[in-house]
1. Looking only at the stretch 117-147, count every residue that is closer than 16 Å to D94 by Cα, crowded, with 18+ Cβ neighbours inside 10 Å and over 29 Å from the mean Cα position of the chain (by Cα) and tell me the total.
2. List pairs: first residue in the stretch 153-178 and under 30 Å from V38 (Cβ atoms) and in contact (Cβ under 8 Å) with a residue 24 or more places away in the chain, second residue among the acidic types (D, E) and surrounded by 13 or more Cβ atoms within 10 Å (Cβ to Cβ) anywhere in the structure, Cβ distance under 8 angstrom, at least six positions apart or on different chains.
3. Across the stretch 119-139, what is the total count of residues that are in a helix (DSSP H, G or I) and either more than 16 Å from N105 (Cα to Cα) or of a type in the set (D, E, K, R) (or both)?
4. Here are the criteria: (1) modelled with pLDDT under 95; (2) closer than 30 Å to P50 by Cβ; (3) outside any helix (DSSP H, G or I). Tell me which single one S84 does not satisfy.
Amino acid sequence: MRKDTYQEQDEYIDLGRLFMTLWHHAGMILLCGILCAVLGFLYSVVFITPLYESKAMMIVNPGQRDIVTSDQINSAEKLVDTYSVIITSDTVMDQVISNLSMEHNYKEDVKFVGVEPVNGTQVMEISVLATDPQVAQKVCTQITQVAPGVIVQAVKAGSMELVSAATLNEHAVSPNRLKNAFFSFLGGFLLSSVVILIYSLLNSRIKEGKDLQQDGLILLGIIPAYRGD
C-alpha cells in the first residue's frame, strides 16, 4: 500500500515538474505561437490565391402540365441528382467555355463548379469558385443559360427555370486568413511545448540544488566554482 503511494507521489512530482518547465518557458512558447500565427497569416496573403464564389438557383419541373401533383414533385426531387450530373458534364461546360471565350484560361481562373439540392427540394443551387468575382458570376450565369437546353435534349422531358440569378460576391470565400493564423498559432504553441518537454526530459544535467530535491535526493554540500583571473 505504501509502495503504491510512493509511486503515485513520484508520478505527481514528475507531472508537476513538466508543468513547471512549461510555465518557466511560457514566454518562449507564446512567442513561438505568435510568430507562427504571423507567418501563417502572411503566407495566406502572399502565396494563396483568393477565391470568389457566385451562386444561382434553378427549379426542376418534371413536366409541362399546368397542374402539378405530389407525384410530379417527388419525381422532380429525384431528377435533381440527374440534372446535377448533366450540368457539370463536358457537354454543358464546353459550351459555357466557348461562349465566354475561355479556352485558354478556364482551368487557371475557374477552380470549382458544383450543384447541390436545396434541403431535399426540387430546387438546386449552382455554385462557381473562381479567382475573379466577375469571372465566377459570368460562368455561373452561362451555366444557367446553357444547361436547360442540354437537359431537355438529354432527358426528353421536364424543364428548368431560373429562381435566382448568379450573384456577384466581391468578398473572397477562401482562404480564411484568420482561421489559418489561429491554426498556425496553435501548431507553433504545441510544437514548441513538445520540443521544450523533450529537451527537459533528455537533459540530465543538474543546475541547482533544488533539482536534487525534486528527484528525491539529499544535498550534502555545495562546491563553489573557482574562476581564475
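The values are calculated or read from the model by the stated rules, or taken from the named source; none is laboratory data. As the structure is a prediction and not an experimental result, all values here were calculated from the model. Glycine also receives a Cβ, built like all others from the backbone with ideal geometry; neighbour counts cover every protein chain displayed.
1. 2
2. Once the first residue is under 30 Å from V38 (Cβ atoms) and in contact (Cβ under 8 Å) with a residue 24 or more places away in the chain and sits in the stretch 153-178, its partners that are among the acidic types (D, E) and surrounded by 13 or more Cβ atoms within 10 Å (Cβ to Cβ) give N169/E53; V173/E53.
3. Qualifying residue count, the stretch 119-139: 1.
4. (3)
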